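Bear in mind that the values in this text are calculations on the coordinates, not laboratory data. In this text, all values refer to a predicted model and were calculated from it rather than measured experimentally. Note that each Cβ is placed from the backbone with ideal geometry, even for glycine, and that neighbours are counted across all protein chains shown.
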Amino acid sequence: MNDIWDRLSQGFSYLIVLASIIMLGWGLLGFLEYFTGLALLMPLQNPTFPSGTQTLHWILITLSGATFLTSYFLRWSYTPIAMLVLFASLATMCAIQTFDFMENPGRYRSFVNECINYIVISIYLFRSQRMRDRFGNITVEGAEQRSLKSV
């Protein structure tokens, strides 16, 4: 039974890596279109967003993908915290876009799904043994132990 959970955890971690690759690519393509007007795959700009909102949208998407990928492969111990901050920022941006600018009928469902994804991934990053093994244990006790070792 433990082997099944290990495989599911491994699969979920790979899914997060894949999602980060997609986020990075989506953000870079969004910036390309934003600055040049060139839509390589499909139009990515939302005409209902003000330019400042659109800019911050692409910054957060690109930064979240790049941060997770870089920190995952470098095994940066603050990855869960950095992603929590980025997810909170993305959720805030999504709330502003959903409630102030978007007009499509499925916007509220999409907003809830996005927030649930951020919560599930955050819990996984902080609580799964696989992520603790990769990044270290992010707890108050872990910080105290690290500070005691440096004394």
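Couple of notes before you dig in:
- Looking only at residues in the stretch 29-53 that are surrounded by 15 or more Cβ atoms within 10 Å (Cβ to Cβ) and not polar (S, T, N, Q), the one that is nearest to Phe101 (Cα to Cα) is Phe49.
- Flag for Thr53 being assigned to a helix (DSSP H, G or I), farther than 15 Å from Ser122 by Cβ, touching an Asp or Glu at 6+ places or on another chain (Cβ under 9 Å) and of a type in the set (Ser, Thr, Tyr): yes
- Positions within the stretch 20-47 being under 15 Å from the mean Cα position of the chain (by Cα) and touching a residue at least 40 places away in the same chain (Cβ under 8 Å), in sequence order: Ser20, Ile21, Ile22, Met23, Leu24, Gly25
Condition check ((1) more than 30 Å from Gly11 (Cβ to Cβ); (2) not polar (S, T, N, Q)) across all residues:
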{"position": "Asn46", "(1), (2)": "yes, no"}
{"position": "Gln54", "(1), (2)": "yes, no"}
{"position": "Thr62", "(1), (2)": "no, no"}
{"position": "Leu69", "(1), (2)": "no, yes"}
{"position": "Phe73", "(1), (2)": "no, yes"}
{"position": "Tyr78", "(1), (2)": "no, yes"}
{"position": "Ala91", "(1), (2)": "no, yes"}
{"position": "Tyr118", "(1), (2)": "no, yes"}
{"position": "Leu125", "(1), (2)": "no, yes"}
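- Residue in the stretch 95-117 that is surrounded by 18 or more Cβ atoms within 10 Å (Cβ to Cβ) and within 30 Å of Gly136 (Cβ to Cβ) present: no
- Of the helices (runs of 4 or more DSSP H) lying entirely inside the stretch 71-143, those containing at least 1 residues that are touching a His at 6+ places or on another chain (Cβ under 9 Å) are 79-96.
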